[in-house]
Structures are given as structure tokens and as C-alpha cells.
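The values are calculated or read from the model by the stated rules, or taken from the named source; none is laboratory data. What you see is a predicted model; the values in this text were computed from it and never measured. No Cβ is skipped: glycine too gets one built from the backbone with ideal geometry, and neighbour counts run over all protein chains shown. Just so you know, the surface numbers come from the protein's heavy atoms only, side chains and all, with ligands and any DNA or RNA stripped out. Shrake-Rupley method; radii C 1.70, N 1.55, O 1.52, S 1.80 Å.
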Amino acid sequence: MGLRGYFLKRTANTILLIVFVIFLNFVIFELMPGQQGSFDTLVQNPKISQADKKAFIIAEEQRLGIICDVGSPGHPDGVPCPLWTKFQRYFVAMITFSFGNSFQTGNPVIQDMVTSGKLVNTLLLLGVSSVLSIIIGVFLGVIAARKRGGIFDNISVTSSLTTFSLPTFWMGLVLILIFSYWLGWFPSGGVRPESWGKAGATPSSIWAQIPTRLSYLFLPALTLTLFFYGGYLLLTRATMIESLGEDYITTARAKGLPERTVLYKHALKNASLPLVTAAALQFGFLLSGAIITETVFSWDGLGYWLFQAIGWKDGPVLQAMFFIIALCVIMANFGSDLIYGLLDPRIKYE
């Protein structure tokens, strides 16, 4: 099977998997206790008027397939929908990203996700921490494999195991204690100064904002980097040790190639397939893994938003986030499967 046929096959499998995820999500929220009670939290929201609350609840119940035929003769408030109708409406809503309105704000979920800056804040935090953890982990893993059994190898393995085993909330609290409370170098939480939201207080130039925004980003990004880099270091070290024992490495060294070329061009390239898998899985699960870190640092991102939605029993936000997290995992694995053939020509598409 060629690349085109493999791509079509994987695309079909991915679509089926997305359909299964939507079905599983539907079952979870359909059977979840207190789902109807989620509308009760809306009534306690002082930001929404009574008329808007009533119209909002009716619209949400129609969208979710809870009620049908609203305004029909004899049933002005509608009648309960069949289960199949509920699933049809839910399926269409998920694939069109029509997640409904949030119980917290009354605004569309997509609007709260995108225009409020939550998506940008999360992408910034996860992007920086992912790139740093991959670069640091792979670089140190190559050196540790090259100096196997030495002092550097022992220290790097021990430190990576330590940071990889510690809970992220504990590391975050320790970093706040040291760098914010004791030293006062970085703010303990938030994404920007509160004064920036006031009229006339925003810096006139974007360049003036960068150092301040970086100071707010430093501690949460450092927490995630310390947690994730250890996995890359250990995996790189293990795959590199295996690759360095192969015959083609001995041949490359016998040809007189520089050690840097042997390590990075020959050994690392052939040892990179497990790293691609690890990076793909991390990309998919980073969004869910950032919930704790964003909560500890009050980072106004999707993870902190999901944590708040749990307290509010905000069904539309929870359904949207669960679907997006699953979609990230599926697409990340789909991309990694296609990258395999580019990195290693020996792999045949089946």
C-alpha cells in the first residue's frame, strides 16, 4: 500500500474513532447524575435576567434534544425527545462545534473560548513548555547515552526521575514559594497585571508588554517543562543506547565521521520514532494535564476554565472540552503515523 492508500485508510479510521468518541461523550453526559440540575446553576447566575434564563434553558433543551415540538398545540413547552433524536442533535452539534451557551456567562462556548483569550493563553503556555521540554530532554538524553555510566548520566537520570515523579501542583507551589514569595522575582499567578484591564493603563507598545507577560509565563511554563522533560530524557537515552550498539554506528565511526554527526545524524534519526510517539501523546494530553498547573497559577486558560466549569456543573463547557481533548489526542496520533514514513523509509505503509 502506498502513501496515498495509507492516508485514506488512516483518515477513515480516524473518522470512525471521532464518531465513537462523540457517542461515548453522549453516553457519559446522558447518564451522568444531575445533568438536568446543571440548569439550576444558571438560575443562580445574577448576570442573566429571568427572561433570558427561560429562553436560554428552552433553547439549550432543544439543542440537546431534551425537548421537542416546542410551541405545538397542547404542548407549548414541548415534549421529551426520543433518545435517537437526542443523539442526532448532539452529533451535529459536536461536528459543527456548536457547543451551545455557557451556564456561567450565558455566552456561546466558542466565544468564551476564543475571544476571551483562553485559547491563546493555553496555546502559549503549552507551546513554550512543550518546545522547551522536547529540546532539553532530547539534548540531555543524547549526552547521557553518550556518557553512559558516568557522573553526568547518573545526575541527569536521577534529576529527571525526580521531577517526572513529583506532582505538578507541588512543584508549582514550591516555585511560587521560592521565586515569588521569598525572592519576589516573578508574580505568583495570573496572565497579566490587573491594571492593564483599566482604561488608559495599557502600555502603548506591544514591546513594552513582552517582558511583563514573560514574567507571568515563567513559573507555569517552568513547572510543565520540569515535569515533561524527564520523560523525553529517559526515552532518548534508552533509544540512543540501543542505536549506538548497532553495526551501522560502528561503520560510521570507522569511516572517520565526527562524533557529533554520528550521534545526531545517524543514531538520533533512527532512534526518533519513539520520540515522535511520545511527543504526539504529550501534545494530545497536554490540554488535560495543564488543568492543575493553570489552576495553581490562576492562568486564565482552557484548563482553568474547565476546572471552574466542574464547580458550576457547566454541561456545555464540559462537553466541549472533553470532545476537544479527545480530538487533540486522535489528530496527534494521526499525524505521528504519517511522520513515521518520512523519518524512516524502511517502514512500509500497511
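Quick notes on this structure:
A quick yes/no check of all residues on (1) crowded, with 19+ Cβ neighbours inside 10 Å; (2) modelled with pLDDT under 75:
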| residue | (1), (2) |
| --- | --- |
| SER215 | no, no |
| PRO220 | yes, no |
| LEU224 | yes, no |
| PHE227 | yes, no |
| TYR232 | yes, no |
| THR239 | yes, no |
| GLY245 | no, yes |
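- Residue in region 126-135 that is under 22 Å from PHE323 (Cβ atoms) and hydrophobic (A, V, I, L, M, F, W, C) present: yes
- Per-region count, region 114-149, residues farther than 19 Å from TYR232 by Cα and among the small types (Gly, Ala, Ser): 2
- Residues satisfying the stated conditions in region 260-272, i.e. in contact with a helix residue (DSSP H, G or I) (Cβ under 8 Å, 6 or more places away or on another chain) and open to solvent by 50 Å² or more (accessible area, probe 1.4 Å): TYR264, HIS266, LYS269, ASN270
- Of all residues making up region 90-143, the number that are part of a helix (DSSP H, G or I), more than 30 Å from LEU214 (Cβ to Cβ) and touching a helix residue (DSSP H, G or I) at 6+ places or on another chain (Cβ under 7 Å): 4
- Put simply, of THR293, THR251 the only residue that is farther than 26 Å from LEU222 by Cβ and either open to solvent by 70 Å² or more (accessible area, probe 1.4 Å) or polar (S, T, N, Q) (or both) is THR251.
- Subset of region 145-193 [in a loop (DSSP other than H, G, I, E, B) and among the charged types (D, E, K, R)]: LYS147, ARG148, ARG192
- Number of residues in region 211-251 that are more than 19 Å from VAL276 (Cα to Cα), among the charged types (D, E, K, R) and part of a helix (DSSP H, G or I): the value is 2.
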